[in-house]
Structures are given as C-alpha cells and as structure tokens.
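What follows is a short report on a single structure.
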Amino acid sequence: MDKKISLDLAQQHYYLHISSAQQQSLFSSVFAYDALLSSLETHTDIDLYGYCLFPDGIHLLVLSHKPPSYWLESWLMHYNQWHQDTTGETGYLFDDDHIHQVLIQPKHLCKTLRHIHYLPVEQKKCSSPEQFLYSSYHDYIGTQQTGVNTETILATLSPHYGQRLRRFYDYMAIANTEAQSVFCSGNHDYYLAYADAHYLMQARSNYQSKLNETPESEHLLTWQRCIQCLVENNGLDTENWLGRQRHHSLPDAHFLLAWMFTQIAKGPLYIAAKQLNIDETTLTLKINSIHLHHPAKYLRYIERSWKTATV
C-alpha cells in the first residue's frame with residue numbers, strides 16, 4: 001500500500017484514514033467527538049460526505065476543494081491543540097507517517113460510504129451500521145445533524161426525493177462485495193486511487209493546467225513576502241531563513257520558511273525546493289515534521305503574522 005503514490009489534487013473526493021500515534025485515544029470525552037466534527041463542519045476547504053470515528057482512528061469521506069496538503073496537516077494540528085488545551089496532555093495524537101489518502105472517483109462514492117459505515121461491523125463493535133453511534137449513518141437517516149453533506153450521495157442513490165431514504169436503507173442493508181484493499185489502497189497500479197485510468201489522467205491534467213495559470217513570478221513574489229514577514233517578526237537575517245547561515249536558536253529556519261510558504265501562504269512546493277536547493281521529497285518530510293520540533297503556539301504566531309501582513 002505504501003509503495004503507491006498519494007495524489008494531492010483540488011476538487012476531488014478522498015477517503016482518508018488517519019490513525020492515532022501509538023494507539024493512544026483521540027477522544028478524551030464525548031465532547032471531543034463533537035469538537036472534531038464541529039471543526040470539520042466549519043472548515044471551508046472541504047465538504048464532509050461521511051465519517052466513522054474510533055478511539056484510535058478516524059475515517060473520512062470528503063470533497064477537498066483544495067489539495068489535501070493545503071489543509072489536512074493544519075486541521076490535525078488545530079484539533080491536537082484543542083486536545084492539549086482541554087486535557088493538559090502533551091505530545092502529538094496522530095500518526096502522520098501512515099495517513100491513507102485515497103482519491104475516489106465520483107461513481108464510487110456510494111460504495112466508499114458503505115465501506116465506512118460497515119467498519120464498526122467488521123471490527124465486531126456492533127452487528128449493523130445503525131448501532132454504532134459515531135458514524136454519519138445517522139445523518140443520512142435524519143436522526144442527527146453533524147455537518148455532513150448528505151444530498152450528493154442520496155441524490156446519486158435516487159433522483160426522486162421521496163424515495164431517497166428507502167433507497168439508502170436498501171443500499172446499506174447489503175455489505176460491499178469488493179475487497180477491503182480497494183478502499184484502503186485503490187485499484188490503480190501506481191496511485192492511491194479508486195478510479196478509472198482515464199478519469200485519473202483527466203483529473204491530473206485539469207489540475208496541472210490550473211496550476212500553470214499562475215505565473216512563476218507571482219509565486220516568487222509570495223516567497224519574498226514570506227521571507228520579509230519572518231525577518232520582521234522573528235529577528236533573524238534573510239541568510240538564516242534561506243539556510244545559507246545557521247543560527248543556534250533556530251537551525252531549521254529554512255524549513256520553517258518552506259512550511260510557511262507551502263502551508264500558510266499556499267505556494268507550490270516546487271518553488272520552495274528550487275529556492276532552497278533541496279529535493280521535493282526531503283523538503284516534504286521536513287515540512288511535515290515542523291510541528292514536532294516547534295510549539296503550536298509559535299506556529300500560530302507565524303500564521304497570524306502572515307495574515308496580518310497580507311490583509
């Protein structure tokens with residue numbers, strides 16, 4: 001599974017499986033479930049289509065308006081900070097190295113939702129999906145509202161509004177016949193995607209054409225503005241932020257710059273890699289580990305500084 005390439009495209013559906021680190025519990029109380037679902041409901045970069053929440057892992061079906069790399073890490077950090085603030089615990093909750101991000105072609109959304117709803121049954125936590133409390137199944141049958149966009153999948157199951165609930169019950173009454181591996185690692189030989197080859201080719205082509213609409217000169221201007229913002233608010237020189245000189249207080253300043261540019265300013269990774277003369281794979285690993293080496297409070301300070309500077 002891990003040998004396949006994870007796609008990071010905008011305006012695509014994804015099945016996300018995010019495990020806890022070292023099997024620790026992600027939810028300290030019933031209020032923690034509400035807090036996580038509320039943060040998903042109010043998140044502007046996604047539409048939530050389905051979920052199933054376990055103490056040691058969360059399963060989500062989303063429409064991601066931006067590439068998941070733009071929002072997923074910061075969303076996890078936001079919830080992690082909420083957890084720390086409410087429990088007094090320290091450390092990071094999530095296993096970032098094993099997040100499964102599978103692109104789902106729209107025609108497979110119903111099957112993927114059914115897979116998610118049947119996970120508690122497969123794990124022997126209950127005998128039917130409706131018996132499990134922390135699942136979007138209850139949104140679809142109308143007994144709860146947790147911010148799930150049910151309209152898209154219900155309309156797919158039946159074009160007639162009055163028949164949708166019955167059709168949902170009928171559809172969910174029968175478990176998937178597809179192998180678990182299809183949903184966990186996709187059906188493509190190279191990519192983590194449950195989709196036809198033609199659909200993937202078109203999706204990647206459309207996203208690349210949109211990226212090319214932004215001139216590189218504009219990205220470079222954003223890069224310079226990031227450097228200026230960091231210099232003005234953190235006291236180190238430009239040479240430190242570019243990694244040409246190291247400062248004992250912040251030896252990874254250049255990786256912080258790359259994190260700010262890609263995660264906060266939403267610049268493309270290739271620009272940061274080119275400017276720092278570091279390959280994209282190594283830089284991605286360094287960016288993803290920033291939250292492990294710097295307090296969340298400091299990272300939020302950098303984010304606020306950028307937002308203030310660009311108002």
Hey, can you tell me all the residues within segment 244-290 that are assigned to a loop (DSSP other than H, G, I, E, B) and under 13 Å from residue 219 (Cα atoms)? 265, 266, 267, 268
Residues (out of contact with any strand residue (DSSP E or B) (no Cβ under 8 Å at 6 or more places or on another chain) and in a helix (DSSP H, G or I)) located in segment 1-27: 22, 23
Being modelled with pLDDT of 90 or more, farther than 12 Å from residue 26 by Cβ and surrounded by fewer than 16 Cβ atoms within 10 Å (Cβ to Cβ) is the filter here, so list the residues in segment 85-107 that pass it. 85, 86, 88, 106, 107
Go through (1) touching a helix residue (DSSP H, G or I) at 6+ places or on another chain (Cβ under 6 Å); (2) assigned to a helix (DSSP H, G or I) one by one and return the number of the condition residue 111 breaks. (1)
Result of the Cβ filter at 9 Å on segment 197-217, keeping first residues that are at pLDDT below 85 and partners that are in a helix (DSSP H, G or I), at least 6 apart or interchain, is 216/271
Could you please let me know if residue 34 is out of contact with any His (no Cβ under 6 Å at 6 or more places or on another chain) and touching a residue at least 60 places away in the same chain (Cβ under 8 Å)? no
As an exercise: evaluate residue 68 against (1) farther than 22 Å from residue 129 by Cβ; (2) surrounded by fewer than 20 Cβ atoms within 10 Å (Cβ to Cβ); (3) out of contact with any helix residue (DSSP H, G or I) (no Cβ under 8 Å at 6 or more places or on another chain) and give the number of the one condition it does not meet. (2)
Going by the structure shown, is residue 245 loosely packed, with under 14 Cβ neighbours inside 10 Å, touching a helix residue (DSSP H, G or I) at 6+ places or on another chain (Cβ under 8 Å) and not aliphatic (A, V, I, L, M)? yes
Go through the residues of segment 233-250 one by one and say whether even a single one is under 17 Å from residue 71 (Cβ atoms) and either among the small types (Gly, Ala, Ser) or out of contact with any strand residue (DSSP E or B) (no Cβ under 9 Å at 6 or more places or on another chain) (or both). no
In segment 28-43, is there at least one residue being modelled with pLDDT of 90 or more, hydrophobic (A, V, I, L, M, F, W, C) and part of a strand (DSSP E or B)? no
For segment 266-295, name all the residues that are buried (at least 17 other Cβ atoms within 10 Å of the Cβ) and of a type in the set (Gly, Ala, Ser). 267, 272, 273
Looking at segment 248-258, is at least one residue among the polar types (S, T, N, Q) and over 18 Å from the mean Cα position of the chain (by Cα)? yes
Can you name the number of the only condition in (1) over 27 Å from residue 180 (Cβ atoms); (2) surrounded by fewer than 18 Cβ atoms within 10 Å (Cβ to Cβ) that residue 4 fails? (1)
Scanning segment 267-311 for residues that are farther than 17 Å from residue 77 by Cα and charged (D, E, K, R), the one modelled with the highest pLDDT turns out to be 274
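The values are calculated or read from the model by the stated rules, or taken from the named source; none is laboratory data. None of the values given here were measured: they were computed from a predicted structure. Note that we place each Cβ from the backbone using ideal geometry, even for glycine, and neighbour counts take in every protein chain shown.
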